[in-house]
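The values are calculated or read from the model by the stated rules, or taken from the named source; none is laboratory data. Computed from a prediction, not measured in an experiment: that's the story for all the values here. Backbone-built Cβ (ideal geometry, glycine too); neighbour counts: all protein chains shown. The area values use the complete protein model at the heavy-atom level, side chains included, leaving out ligands, DNA and RNA. Shrake-Rupley method; radii C 1.70, N 1.55, O 1.52, S 1.80 Å.
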Amino acid sequence: MIDKIVPTMDAALEGVVSGSTILVGGFGSVGQPNALIEALIGRGIRDLTIVANNSGGGEVGLAHLMECGCVRRLICSFPRASNSTVFQELYRAGKIELEIVPQGTMAERMRAAGAGVGAFYTPTSYGTKLAEGKETREIDGRMQVLEYALHGDVALVEAWRADRWGNLVFNKAGRNFNPVMAMAAKMTIVQTQHVVELGELDPEAIVTPGIFVDRVLHVPYGDPTG
Amino acid sequence: MDAVMDAKPWSRDAMAARLARDVPEGWYVNLGIGIPTMVADHVPVEREVIFHSENGVLGMGPAPAPGEVDPWLINAGKKHVTLRTGGSYCHHADSFAMIRGGHLDLCVLGAFEVAANGDIANWATSENDTAPAVGGAMDLAAGAKRLWVIMEHTTKDGRPKLVERCGYPLTALAVVTRVYTNYAVLDVTERGFVVVDVVPGLSHEALQARTEARLHFA
């Protein structure tokens, strides 16, 4: 019997090691796997490359992970928010590397990784500072920029409902990067608000099929705040 | 300068209302943060315009009534919103496929500068910006079928924002087709900026005096 539901946080994070590239779902404060992120702290895991849309807010989740010195590099589209002070201080002090990626390019680079596409051309960022040093080519009369697939060693994902096969559905804007990150990592670890019986999720409405998921931990924390 | 002083500029609300007049039923539209967001308030609900938010919301409605906030439903500006009947959710790669695949009829963005050739600079104000942040601006600017900019005609200290060439780091090249400011509405054409509408009482000379790029009058 396949059972991807794990009983403990230790079981969920087993094998996550220093130096990994970790894809972290979430947009703003919605759909962020904060319990999984927080649990990375205190395990001696360091030198992480984090791929996330934002750079964390306040002193929880991603911000806390960075504050504890676990993150070497951030790949991100929008590392600026009124409460992203932890990241800003580390960045100014030269204690964290930053790669800025247009949001759609970031999503597509992970989709490509998940779909076995090595690289692709896109008009986004052509002629801008973010395309400096990248290969370009005219396709269909338009200049485009070569972008490579972005693979994760680990993806940390937050779902709304999950079953023991790892089938997932999400809650409204909580979906965001979570499904595409689940596709793009060697090991996808999910925290879910609800665990349901196999067969309870409508097959027509499953957003992330279990093939993209390795472990599911039940974390019924309630609503996002902030 | 007297002519400029006499002419009353459009308020931000009036600018948004002026732009909203030009959005027909059936268009799929993404509105950037700031003045662009206000455009939605001026599209009457019976005119079915479908608003897209890049965090995976298609058919976004207005802000919720007090007490009816759903903490799981935010827009790209991280503000709580609602979903209209018929609306849907998608993940980020699909949401940006809508943007980058040319499926949006219109994107409205703010800007620091727009150049006479349609270049836009709206994401960073210097080459050495502390922790620059681009978000979806480059995808939207390059991907939507039409890119309109809505912004003040000049900076707070009176520097022109309609320029011959952008001085700030570019967001995308030659993509802006129309600009709505507090003094005028302008098309970006092969000739450069062509003025299609001006606030009442403002002379051509007075508008040109507030603009670095050369203006053409239709």
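Dimensions of segment A:20-151 along the principal axes, based on C-alpha atoms and rounded to the nearest Å, stand at 51, 31, 26, largest first. Here the Karplus relation 6.51 cos²θ - 1.76 cosθ + 1.60, evaluated at θ = phi - 60°, turns the backbone of segment A:21-28 into coupling constants of 9, 10, 8, 10, x, x, 9, x Hz, with x for every Gly and Pro. Accessible area of A:Ser18 (1.4 Å probe, protein heavy atoms only, ligands and nucleic acids ignored): about 60 Å².
Decide, for segment B:81-174, between rounded, prolate and oblate: order the square roots of the alpha carbon gyration tensor eigenvalues as a ≥ b ≥ c, take rounded if a/c falls under 1.5, and otherwise choose prolate if a/b is larger than b/c, else oblate. Note, shape of segment B:81-174 comes out prolate. If the chain linking B:Asp41 and B:Lys145 were pulled fully straight, counting 0.36 nm for each residue of separation and taking away their Cα-Cα distance, it would gain 35.2 nm.
Over segment B:1-152, the ratio between the Cα radius of gyration and 2.2 N^0.38 Å evaluates to 1.10.
Here the 3J(HN,Hα) profile of segment A:132-138, calculated from phi with Karplus coefficients 6.51, -1.76 and 1.60 at θ = phi - 60°, is 4, x, 9, 5, 10, 6, 8 Hz, Gly and Pro shown as x. Taking amide H as placed 1.01 Å from N in the peptide plane, the amide H of A:Ala155 sits under 5 Å from that of A:Leu23, A:Met187, A:Thr188, A:Ile189, each at least 5 places away or on another chain. Close amide H contacts of B:Val196 (hydrogens built in the peptide plane, cut-off under 5 Å, sequence separation of 5 or more or a different chain): B:Val185, B:Leu186, B:Asp187. A:Glu59 sits with roughly 130 Å² accessible to a 1.4 Å probe, with DNA, RNA and ligands left out of the calculation.
Do you know which residues of segment B:163-200 lose at least 40 square angstrom of accessible area in the protein assembly compared with their chain on its own, with a 1.4 angstrom probe? Residues of segment B:163-200 that lose at least 40 Å² of accessible area once the other chains are added: B:Leu173.
By the Kirkwood approach, averaging reciprocal distances over each pair of separate Cα atoms, segment B:46-112 gets a hydrodynamic radius of 12.8 Å. Accessible surface ranking for A:Ile2, B:Ile120, 1.4 angstrom probe, highest first: A:Ile2, B:Ile120.
A 1.4 Å probe run over chain B, with the rest of the protein chains in place, finds 43 Å² accessible per residue.
Just give the residues from segment B:131-155 buried by at least 30 square angstrom of accessible area in the all-chains context relative to the isolated chain, probe 1.4 Å, and say none if nothing qualifies. Flagged in segment B:131-155: B:Ala131, B:Pro132, B:Ala133, B:Val134, B:Gly135, B:Met138, B:Asp139, B:Ala142. When only alpha carbons are used to place a centre, segment A:159-195 and segment B:50-103 end up 19 Å from one another.
Per-residue 3J(HN,Hα) values for segment A:89-106, derived from phi via the Karplus relation 6.51 cos²θ - 1.76 cosθ + 1.60 with θ = phi - 60°, read 5, 4, 5, 4, 7, x, 9, 8, 8, 10, 10, 8, 10, x, 4, x, 5, 4 Hz in sequence order (x marks Gly and Pro). Annotation: lysines with alpha-carbon distance below 29 angstrom to B:Lys145 (same-chain offsets under eight excluded): A:Lys129, A:Lys134, A:Lys172, B:Lys78, B:Lys79, B:Lys161. Applying a DSSP loop filter and a limit of 13 other Cβ atoms within 10 Å to the GluC sites (Glu not before Pro) in segment B:63-158 leaves B:Glu68, B:Glu127. For the chain pair A and B, the buried solvent-accessible surface (1.4 Å probe, both sides summed) amounts to about 3500 Å². In whole percent, how big is the carbon plus sulfur part of the accessible area of segment B:2-217, probe 1.4 Å, protein atoms only? It is 51 percent, rounded to a whole number. Annotation: the antiparallel percentage among DSSP beta bridges lying fully within segment B:2-217 is about 55. Residues of segment A:120-135 whose accessible area, computed with a 1.4 Å probe over protein heavy atoms, drops by at least 20 Å² once all protein chains are present relative to their chain alone are A:Thr124, A:Tyr126, A:Gly127, A:Thr128, A:Lys129, A:Leu130.
Backbone amide hydrogens, once placed in the peptide plane, bring B:Val175 within less than 5 Å of B:Asp119, B:Ile120, excluding anything fewer than 5 places away on its chain. Atom-type composition of the exposed protein surface of segment A:90-175 places 44 percent of the accessible area on carbon and sulfur (1.4 angstrom probe). DSSP finds beta bridges in segment A:1-105, and of those with both partners inside it, around 10 percent are antiparallel.
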